Structures are given as structure tokens and as C-alpha cells.
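Read the figures in this text as sums done on the coordinates, not as results from a lab. Note that the coordinates shown come from a computational prediction; the quantities given were computed from them, not determined experimentally. Cβ: placed from backbone, ideal geometry, glycine included. Neighbour counts: every protein chain shown.
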Amino acid sequence: MDYNKRLKELRITNGYTQQQIAFILHTRQEQYSKYESGKRELPIKHLITLCCLYRVSADYILGIERFISPKQ
């Protein structure tokens, strides 16, 4: 899953509007909409804020899977 889709999923699941998230991020709703649609990259400072808000890791938002291989 692309992180922009994950952003939208988290926002909706947690009952926020784009306007509310934009307010929390100190940006405009139009700007935040571009993050969700993939038209703009999400700044790191916003990623950190959203991780704290949703209580998830950056890995979760970014869709990074960690594979740990046993040491030999």
C-alpha cells in the first residue's frame, strides 16, 4: 500500500477530516489533500506529527516491511 493511501485510511478510521488534519499540521486543506492523492511528498515533520497523532510507527505509515534474517 502506498503511504498516501495509508494516510487517508488512518484519517478516516480515526474520524478526522482533511481540514482537521491540515489544522494540526499547520497547513492548508488543499495542501494536505495533495499528500493523500500522491501529488506532493509528505514532509518528515508532518510524518512525525501524524505518527504521534495516530500512535503508529513511521514504518507503518510508509508501508515498510521488515524482514529479519537469523544470523549464521
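Per-structure values
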| item | result |
| --- | --- |
| Within-11-Å neighbourhood charge of Lys34 [Cβ basis; K, R +1; D, E -1] | 0 |
| Cα Rg over Rh - region 1-47, Kirkwood | 0.91 |
| Count, lysine Cα pairs under 25 Å in the chain, 8 or more residues apart or across chains | 7 |
| Difference of contour (0.36 nm per residue) and Cα-Cα distance, Asp2 to Ile24 | 5.7 nm |
